[in-house]
Amino acid sequence: MEFVNADMIHNSQSARLPWMLRWQGVAALALASFLPFLFVSIPPLADVPGHIGAFAVQVAPPESPLFRDLGFEWKLTLNMASQLAVEVLARPLGLFTATWLLSALSPIVTVVGLLAVCRRLNPEAPASLLWALIFVYNIAFLMGFLNFTLSAGLALCAFATWIAFDRRPTVRAALFLLIIPLLMIAHAQGGALLVIWISSWELCRLDGWRPSKWNTGLARDLAVRLWPLSTAVVPILLSASASGPTTLPVLRKFRMIFETVHDQSAILDISTVIASLVVVAVGLYRGARYSHGSAGPVIATTLLFFAAPGRLSGTDFVDLRIAPYACLLGLALLDWRNVDLRIRRWVLLTGALLLTVRFAVTTASFVNYERSYKSELAALELVRPGSRVMNLSLVDCDIAGWRSPRTEHLANLVTPLRNAWTNAHWALPNVHMLQIRFAPGDYARDPSHLVRPDRCVDYNIPFEKRARHGLVETMPHLPLQDVDYLWLVGLQLPKGVRDDRLIRIWQNGNSELYEVRRKSAARP
């Protein structure tokens, strides 16, 4: 049976590494990915304010007023990367700094992991590697899926480690008996990606993709090499089982492909994805190939994206998280040695230019988001500590809403900044450890705080049966008698919609803060 030795792949003495894969280049590219975070105090990643709100309850002292309305219960879940890190970092660094550091580490770890894999599997002619780095700032990262992106970056590092220890199977087995379950606990999808990358690489380098090779010998060889991966089932069996709906939106997947780097401009972002696909197609047409078994992880990740559900046991965007990693590996591991040198240089140059443009756009957007966050959070100076804040935040849709203000979870910051309750927290049983103790009807947790422009709402469907709601129709349903404030982020009450209990105490642009004048009845 044909077998490719990993040390033969990574022989730096016989093949001179390009500058991108030398350690100086790795360090420079990793630091470049960190650049946007130098301009912000709160990472403008959509879900990060929500994470900070939950962390505030996690690290709050027992006497905190937060525990009147909220709670936190430690339990083993497959979604704990940031919670475990914050438990260690929050005390010496502070909650906001610890979260900022974790957010900034995510692209750094991803870049280092990807380049480490490339050094092992494609060290000679990775002409499209800079194109791959464009997908580090992908939609899953910008949406603030902190646990997933941290674990996926670590999975890339672990994949490179697996290859590096190919000649030392005993040491590798000992390492991965620990790495695999820890990564599953960090985030199940990150752990699953590592298992799939390792398995598909081993299968492909043994020619296991050929049906003619399927026999007991192949199965035995795979079992001998892959048995440490079996420890992935341990945390699955020990963790709390998540519950919730599972959906497979097949048609939506094709739209997702073009949203892989969804950021500031639909034209730039969609064009970037199309250009990347063209680069791969031109490379394959001109003779570029996936060698040393590297086709396995690329194909397996792509197939996983199409096979994965959109929602799994209540967790959203399962498939959307996978797509960028198919692009990362597909572009980074394409070997261009057999392609004309002029084409390779053009691919390298255009990749460098587009990467520079996108990093510049992202950095500028971070600066603008920082200003926006500070402007919106000025409202909290008027909120009494320990109060209850009902929040409604505007979320747009379709192309008009391509550039998100990333304020849909900004209201969660009332929890760390004012020790206050809000209805913007997410708390899925057996997925999140945050508990909602004060639950006024249907407006207790995410996504009860989200409202849409009228053009995004299908008013032909009854209010109770649809997920999208407008501001005007939502107002009569709010349990204002149970809260102290109504905070509107990104929207204002129309003149025809007023409630005598609401007193506006702050306005800034399109946002408003109302104090609720309740009747004399005691608050629950």
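Quick notes on this structure:
- Amide H contacts under 5 Å for residue 335, placed H, 5+ residues apart: 289, 290, 291
- Taking the square roots of five times each eigenvalue of the Cα gyration tensor of the stretch 311-399, the equivalent ellipsoid has semi-axes of 43, 21, 10 Å, listed largest first.
- Classified by the C-alpha gyration tensor, the stretch 162-312 has an oblate form. Its axis ratio a/c, with a ≥ b ≥ c, is 1.5 or above, and a/b does not exceed b/c.
- Helical contribution to [θ] at 222 nm, DSSP H n ≥ 4, -39,500 (n - 2.57), averaged over the chain, rounded to 500: -15000 deg cm²/dmol
- Globularity index of the chain is 1.04 (Cα radius of gyration / 2.2 N^0.38 Å, N = number of residues).
- Under the Karplus curve 6.51 cos²θ - 1.76 cosθ + 1.60, θ = phi - 60°, whole-Hz ³J(HN,Hα) for the stretch 49-57, x wherever Gly or Pro sits: x, x, 4, 4, x, 5, 4, 4, 6
- For the chain, the antiparallel share of DSSP beta bridges with both residues in that region comes to about 65%.
- Unpaired by the 4.7 Å Cβ criterion, cysteines found in the chain: 118, 157, 204, 327
- Phi angles across the stretch 267-275 convert, under the Karplus curve 6.51 cos²θ - 1.76 cosθ + 1.60 with θ = phi - 60°, into 3J(HN,Hα) values of 5, 5, 6, 5, 4, 4, 5, 4, 4 Hz, Gly and Pro given as x.
- For the stretch 447-507, the spread of Cα coordinates along the three principal axes comes to 34, 22, 21 Å, biggest extent given first.
- Look at where the Cα atoms of the stretch 143-199 and of the stretch 445-521 average out, and the two centres are 44 Å apart.
- Rg/Rg_globular for the stretch 101-177, with Rg_globular taken as 2.2 N^0.38 Å and Rg from C-alpha atoms: 1.20
- Under 5 Å, built H, 5+ apart or other chain: amide partners of residue 435: 71, 72, 73
- Relative packing of 252-260, 291-299, which averages over residues the other C-beta atoms within 10 Å, highest first: 291-299, 252-260
- Cα gyration tensor, the stretch 114-246 - rounded (a/c under 1.5), prolate or oblate: oblate
- Whether the stretch 402-524 is rounded, prolate or oblate, judged on the alpha carbon gyration tensor where a/c under 1.5 counts as rounded: rounded
- Scalar couplings 3J(HN,Hα) for the stretch 172-186, obtained by applying the Karplus form with A = 6.51, B = -1.76, C = 1.60 to θ = phi - 60°, are 4, 4, 4, 4, 7, 5, 9, 4, 4, x, 5, 5, 5, 5, 4 Hz; x denotes Gly and Pro.
- Rolling a 1.4 Å probe across the protein heavy atoms gives the stretch 109-210 an accessible surface of 25 Å² per residue.
- Protein accessible area in the stretch 254-343, 1.4 Å probe - carbon and sulfur %: 68
- Magnitude of the charge dipole, the chain, Cβ model with Lys/Arg +1 and Asp/Glu -1, debye to 20: 640
The values are calculated or read from the model by the stated rules, or taken from the named source; none is laboratory data. None of the values given here were measured: they were computed from a predicted structure. We place every Cβ from the backbone using ideal geometry, glycine too, and count neighbours over all the protein chains shown. Heads up: the accessible areas ignore ligands, DNA and RNA and are worked out on the full protein's heavy atoms, side chains in. Shrake-Rupley method; radii C 1.70, N 1.55, O 1.52, S 1.80 Å.
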